[in-house]
Structures are given as structure tokens and as C-alpha cells.
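Written out below as C-alpha cells is the structure these notes cover.
The values are calculated or read from the model by the stated rules, or taken from the named source; none is laboratory data. Treat the numbers as computed from the prediction; the structure is a model and nothing was measured. As a convention, Cβ positions derive from the backbone with ideal geometry for all residues, glycine included, and neighbour counts pool all protein chains shown. Side chains included, ligands, DNA and RNA excluded: accessible areas come from the protein's heavy atoms. Shrake-Rupley method; radii C 1.70, N 1.55, O 1.52, S 1.80 Å.
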Amino acid sequence: MNASNHYDAIVIGAGPAGLAAGIYLSRARMKTLILSEGITGGQMILTHEIANYPGVENISGYQLAVIMKKQAVSFGCEIRTNAAIQDMNLDGPVKSIFLADNITLTATSVILAPGGRSRTLGVPGEDNFKGRGISYCATCDGDFFTGKEIVVVGGGNSALEEAVSLTKYARKVTVVHQFDHFQAFEHAIDEARRNPAIQFIMESMISAFHGNDSIEHVDIKNLRNGTLSQFPTDGVFIFIGYLPNTEFLKNKVFLNQQGEIAVKADMSTNIDGVYAAGDSIAKRFRQITTAVGDGTVAALASINYVNELKVKQQQLITA
Ligand SMILES: Cc1cc2nc3c(=O)[nH]c(=O)nc-3n(C[C@H](O)[C@H](O)[C@H](O)COP(=O)(O)OP(=O)(O)OC[C@H]3O[C@@H](n4cnc5c(N)ncnc54)[C@H](O)[C@@H]3O)c2cc1C
């Protein structure tokens, strides 16, 4: 074990869950490294405006990420971004993480916080028109559709909230949803229903995307009677849930059927010394606050684990 490459804790993921864990770990004088495939901030940096993070009335996701990163670094946390993990061995008292260029990092404890990503419809034309009319991020792409007519797919909180926010840009927003009811909070449903720029097509789904350089129309299938109609549109925003970024964790920790990491109340996984936090764990509500809360619990449990292990190892040396 190379001491300079050994950490008390390695956190995988630099979203709010990983950054919160990094803040708590490094403040507790744990030698900590946050490793991230992408840049710091995770999904937060896709968020133009955050108005529900307690204590901060209004902030952009990017700014919040910058502050969280600064806080973690100020306590001595190292952050390595754009790091591709090749393999991991999480069993035993020393965990190994293998990166490209034959770099091996070791840690006493690992916190998994890889977050998630948008689910796709998986219908013909979707891959073709991604970034050319199809978007999964209203904040990122809403402006491109100023004065246009767009479709929003989905019936949960994200779909309805983003449909409302997209009316700041688009002239008309049509929400297409597969069921006859929404799976969103009442206030989100009310706000969408009250908005005169939004119309709804229920019990329907997009079955194909068509166009040339960009989308020109979609096929909409009525799921009650099976009829197919062509619906002209300038763009489509898809908000139909997410997939946890846990492919690299298959056979490493226990994942449930949805691929989410199963954790106990202290965020421990089925492997000793391995914890998980944020959008990648099995839970119902996925927000910055919940990710930060999970990251905090995982860090505190990890600190406890590392300290107990250090005491045991010291006792063995002195015995
Ligand atoms: C458009 C949009 C708007 C949102 N608006 C809000 C809002 O207003 N308020 C709110 O509370 N929540 C909002 N959310 C949700 C919130 O952003 C997420 O719940 C939160 O970011 C989840 O945090 P996380 O740390 O678990 O994961 P993420 O933010 O997804 O971060 C995961 C991190 O893990 C890294 N990673 C992934 N795979 C690997 C790997 N194999 N190896 C190494 N690193 C990896 C990623 O690069 C990233 O750094 C929004 C989400 C989106 C997409």
C-alpha cells in the first residue's frame, strides 16, 4: 500500500451528496479524496435556479456547486475530476480503486455517490434528434425554443414544473402523459393546469420522432384506442424519470432491481466500510437537500468506521 495514494475515505461522485460527504470527512481530519467522472457539481450544474435549498433564497446550481467545492477544499479535501474508474475491489479492510494509466488508489472506507441520469423513451428517432430538438434539460435548452411550440413528455413533478418553466420561452407547451392522472405534487399540477400556455394530451405516448435537420413532428399514440396521429412540434423535452449511474457497481455492492444501491439507515451498504448517498440509492425523493443529508450521514458513519478500525489496529500493535 502506497501511503500517498491511501486515503481514510474516497468518495465517488462530486454532486451534492459527494461534496457534503467530502466537507464532513475532511473537517473531521480524515484524509479524503473525491473522485468524479465528470466535473464538480453533478446534476446541480444543470439547474439554472435553485430556490428550495434552505438558508439560500435563490442561487444557480453552478454557484452552489462552487461554494460546496470551496468548503470541502478549505478543509483539506482533495478533488479529482474527469477520473474514469476502471475497476474496484471493495472487499476487506483496504479498498482499491483502479484508474487509467495504472493508477491505484486505496482507502479504508468508500462512499458511493454517482447520482443518476435522465431516462429516455427509446423510440425511433430519439437518438437521431438528441440535441437537435430533443432535450432532457429545460434549464440548459429552454432558451433555444423561444417563441416556439414544444412538447413535454411526462407526468411527474419534473415534467410539470419544467413545463411551467418552459412557458417563459415557448409560445405553447403540450404535455403528453401516458396515464389519465399525474404523479406530481398537487401544487405542481395546479400551477401547470392554471397556465394558459399549457395544454395536455393524456393517456398517450410519443411513438416516433420525425424531421430533417431538426424535429418537425412526432407520432402520438392514444393508449386508450390505439389511434396514431401526427403532431407538429419544434422540440420535445423528456422528463420521465432517471436511471442510477450504477452500472460500474454491478457485482461490487448489492443493487436492487432498479439498479439503485440498497442502504441501511446509516447509509451502509452490504460491504463493510462502503457507504452510499444521493440519487443513486434506493429512495423516493431525489433533491439536493436529500442528497446532502445522505452524504452527511454516510460521512459520519464512515468516520466512525475508520476511527474504530484505527483503534482496533492500534490495539493489535500494542498487544
Ligand atoms: C434539470 C434539473 C433540475 C433540478 N433542480 C433541482 C432543484 O431545483 N432543487 C433540488 O433540490 N434538486 C434539483 N434537481 C435534483 C438534484 O440536482 C439531484 O437530486 C442531486 O444533484 C443529486 O445529487 P447526487 O450527488 O446524488 O448526484 P449527482 O448530482 O447526479 O452527481 C453525481 C456525481 O457522480 C459522478 N459520477 C457518476 N458516475 C460516476 C462514475 N462511474 N465514476 C465516478 N464518478 C461518477 C458525476 O460526474 C457527478 O459528479 C434537479 C435535477 C435536474 C437534472
Name the strands (runs of 3 or more DSSP E) wholly inside segment 156-217 in which the number of residues that are under 19 Å from S118 (Cα atoms) and either open to solvent by 20 Å² or more (accessible area, probe 1.4 Å) or not charged (D, E, K, R) (or both) is 2 or more. 172-176, 204-211
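Kindly indicate the residue of segment 41-55 that is without any contact (Cβ under 8 Å) to a residue 60 or more places away in the chain and within 11 Å of the ligand (Cβ to nearest atom) and also farthest from the chain's Cα centre (by Cα) among those meeting that condition.
If we filter segment 41-55 for residues that are without any contact (Cβ under 8 Å) to a residue 60 or more places away in the chain, which is where we start, we get 41, 45, 51, 55.
Then keep just the ones that are within 11 Å of the ligand (Cβ to nearest atom); that gives 41, 45, 51.
Details: G41: 10, I45: 11, A51: 18 Å.
Here the residue is A51.
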Does segment 64-72 contain at least one residue that is in a loop (DSSP other than H, G, I, E, B) and either touching a Cys at 6+ places or on another chain (Cβ under 6 Å) or open to solvent by 10 Å² or more (accessible area, probe 1.4 Å) (or both)? no
Would you say I303 is crowded, with 16+ Cβ neighbours inside 10 Å, part of a loop (DSSP other than H, G, I, E, B) and of a type in the set (A, V, I, L, M)? no
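Just the residues that are within 16 Å of the ligand (Cβ to nearest atom), outside any helix (DSSP H, G or I) and not polar (S, T, N, Q), please, taken from segment 121-145. Spell out the reasoning first.
The initial filter retains those residues of segment 121-145 that are within 16 Å of the ligand (Cβ to nearest atom), namely 130-131, 134-145.
Filter once more, so that each one left must be outside any helix (DSSP H, G or I): 130-131, 134-137.
Passing the criteria: K130, G131, I134, Y136, C137.
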Would you check if there is a residue in segment 243-255 being assigned to a strand (DSSP E or B), over 26 Å from A184 (Cβ atoms), within 14 Å of the ligand (Cβ to nearest atom) and under 28 Å from the mean Cα position of the chain (by Cα)? yes
Can you pull out the residues in segment 130-185 that are closer than 28 Å to N225 by Cα, of a type outside the set (A, V, I, L, M) and free of Cβ contacts under 8 Å to residues at least 40 places away in the same chain? G155, N157, K172, H177, F179, D180, H181, F182, Q183
Count - residues of segment 104-120 that are in contact with a helix residue (DSSP H, G or I) (Cβ under 6 Å, 6 or more places away or on another chain), open to solvent by less than 20 Å² (accessible area, probe 1.4 Å) and within 14 Å of the ligand (Cβ to nearest atom): 5
Any residue at all in segment 13-29 that is within 10 Å of the ligand (Cβ to nearest atom), part of a strand (DSSP E or B) and either open to solvent by 70 Å² or more (accessible area, probe 1.4 Å) or not charged (D, E, K, R) (or both)? no
Being open to solvent by 30 Å² or more (accessible area, probe 1.4 Å) and more than 12 Å from the ligand (Cβ to nearest atom) is the filter here; which residues of segment 264-283 pass it? K264, A265, D266, N270, D272, A282
